[in-house]
Amino acid sequence: MSDETLIHRAMQLLASARRLAVLTGAGISAESGVPTFREPGGLWDTAHVDKVATAEGFASDPPGVWRWYHQRRREMAVAQPNAGHVALAELERRIIADGGEFTLITQNVDGLHAEAGSRNVLRLHGSLAYVRCTRCDFGRRVGMGPIDDVPACPQCDAHLRPDVVWFGEELPAEAWQAAVGACERCDVFLAVGTSAIVQPAAALIELAIDAGAKAVEINLAPTPASETVDIALQGPAGEILPQIVQ
Ligand code: BJW
Ligand code: ZN
């Protein structure tokens with residue numbers, strides 16, 4: 001099937017959706033200048049996953065891990081939503097105005113969906129605009145601006161950490177349950193810019209398909225999900241999304 005036909009079919013599917021669930025990953029923010037993880041030149045090329053994205057790594061070197069996150073926070077502070085983020089926000093407005101249901105499930109920690117105007121956003125992996133204490137229940141929004149090199153908890157003086165989900169950690173229960181519910185109910189499912197290998201987020205794709213949804217994927221490259229979705233569109237999300245959200 002030609003690219004044009006696939007795009008037309010995806011457009012029709014989205015236009016017919018009554019309950020849409022969308023899963024996004026780092027690829028949707030790539031055109032905003034936010035690096036992805038697993039592509040050549042991505043974050044995991046230069047950072048060691050066990051050192052920067054586990055609780056054990058943080059415990060053994062809080063200043064080192066914070067240096068890595070400060071750098072990423074600086075990049076996110078200047079990043080602007082791109083045409084892909086904007087198209088999803090527009091799609092939400094349209095579906096809600098028609099009395100439908102729209103859930104945006106994101107693995108991203110950059111806040112760009114909310115900045116683009118998306119309302120119902122479930123952040124499965126937390127947010128780099130928040131910190132929380134490694135010892136007590138303290139947590140706070142700090143935005144993407146400069147903060148202390150190794151911030152300390154105002155309640156107990158322990159190290160604060162980025163409020164993101166590292167490997168081996170549970171996802172925020174409320175967001176996860178809401179995501180599962182949205183995927184079980186949706187009639188159309190859209191996966192955008194995710195390598196679809198990090199669990200349990202990637203399992204949402206199968207969950208939606210098994211529950212009867214038609215599924216569309218947008219990615220620069222094939223992923224493990226490409227074989228199972230109904231329509232796999234290959235190309236930049238910032239170009240394809242505005243075309244299929246019309
Ligand atoms: C474009 C584009 C453009 C580029 N347009 N497209 C079952 C089996 C095996 C392992 C596990 C399992 N269950 C759990 C695990 C362990 C683990 C896991 O999944 N490991 C895998 C690597 C195998 N999962 C966990 O540990 C999770 N927790 C958990 O399961 O808890 C239960 C439990 C507890 C205790 C013991 C056991 C279980 C937690 C996962 C947390 C992930 N955290 C990170 C870091 C967040 C903080 C931070 O940002 O620093 O989340 S890792 C990183 O990967 C980040 C992302 O959200 C996540 C997903 O990556 P994403 O978004 O898909 O990005 P990329 O780079 O991989 O892909 C980008 C894609 O975009 C590419 O495909 C490009 O082609 C495309 N692209 N430009 C369109 N312009
Ligand atoms: Zn504390």
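The values are calculated or read from the model by the stated rules, or taken from the named source; none is laboratory data. In this text the structure is predicted, and so the values were computed from the model without any measurement. Backbone-built Cβ (ideal geometry, glycine too); neighbour counts: all protein chains shown. To get the accessible areas, we keep the full protein, side chains included, count just its heavy atoms, and leave off ligands, DNA and RNA. Shrake-Rupley method; radii C 1.70, N 1.55, O 1.52, S 1.80 Å.
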Using 7 Å Cα-to-Cβ label points, what is the THR228/ARG140 separation (nm, one decimal)?
4.2
Determine the calculated [θ] at 222 nm for the chain from helices alone, applying -39500 (n - 2.57) to every DSSP H run no shorter than 4 residues and normalising by the residue count; nearest 500 deg cm²/dmol.
-11000 deg cm²/dmol
Restricting the count to DSSP beta bridges whose residues both fall in the range 143-240, what percent are antiparallel, rounded to a multiple of 5?
10
Solvent-accessible area, 1.4 Å probe, carbon plus sulfur percent, for the chain:
50
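So which GluC sites (Glu not before Pro) in the range 140-246 pass both tests, a DSSP loop state and at most 13 other Cβ atoms within 10 Å of the Cβ?
Hits after loop and neighbour filter: GLU169, GLU170, GLU227.
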Give me the net charge of CYS183's neighbourhood, meaning all other residues with Cβ under 14 Å from the Cβ of CYS183; Lys, Arg count +1, Asp, Glu -1.
-2
Please report, in cubic angstrom per residue, the volume enclosed by the convex hull of the alpha-carbon atoms of the chain.
118
What are the ³J(HN,Hα) couplings of the range 76-88, residue after residue, when phi is run through the Karplus curve with 6.51, -1.76, 1.60 and θ = phi - 60°? Round to Hz, x for glycine and proline.
6, 4, 9, 6, 10, x, 9, 4, x, 4, 5, 4, 5
If amide H atoms are modeled at 1.01 Å from N in the peptide plane, then the residues at a separation of 5 or more from PHE102, or on another chain, having amide H under 5 Å from its own are LEU20
If I stretch the segment between GLU75 and GLU239 completely, what's the gain in nm (0.36 nm per residue apart, minus their alpha carbon distance), one decimal?
56.8 nm
Distance in nm between pseudo-label sites at ARG67 and ALA152 (7 Å out along the Cβ direction from Cα)
2.1
Of the candidates MET11, TRP44, ALA30, the farthest towards the positive dipole end of the range 1-46 (Lys/Arg Cβ +1, Asp/Glu Cβ -1, centred on the Cα centre) is MET11
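Quick one: grab the alpha carbon gyration tensor of the range 117-172, order the square roots of its eigenvalues as a ≥ b ≥ c, and give me rounded if a/c is under 1.5, else prolate or oblate depending on whether a/b is larger than b/c. Present the calculation step by step, with values, prior to reporting the outcome.
Details: a/c = 2.15, a/b = 1.41, b/c = 1.53.
Here the range 117-172 falls in the oblate category.
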Mind listing the long-range amide H neighbours of TYR130? Cut-off is under 5 Å, sequence gap 5 or more, other chains count too, H placed in the peptide plane at 1.01 Å from N.
VAL142, ASP163
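May I ask you to list the trypsin sites (Lys or Arg not before Pro) in the range 101-155 that are in a DSSP loop and have at most 15 other Cβ atoms within 10 Å of their Cβ? Spell out each step's value before the answer.
Details: sites: ARG119, ARG123, ARG132, ARG135, ARG140, ARG141; in loops: ARG119, ARG135.
Sites meeting the loop and neighbour criteria: ARG119, ARG135.
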Residue by residue through the range 147-159, what is 3J(HN,Hα) from phi via Karplus (6.51 cos²θ - 1.76 cosθ + 1.60, θ = phi - 60°)? Round to whole Hz and write x for glycine and proline.
9, 4, 4, 10, x, 10, 6, x, 8, 9, 6, 6, 5
Taking the Cα-to-Cβ direction at GLU206 and at GLN12 and moving 7 Å from each Cα, how far apart do the two end points lie in nm?
3.0
SER2/THR46 FRET efficiency (R0 35 Å; Cβ-Cβ; nearest 0.05)
0.35
Check which residues have an amide H placed less than 5 Å from ALA191's amide H, if you skip close sequence neighbours.
LEU23, VAL216, GLU217, ILE218
For the range 43-107, what does the accessible surface come to per residue with a 1.4 Å probe? Please give it in Å².
47
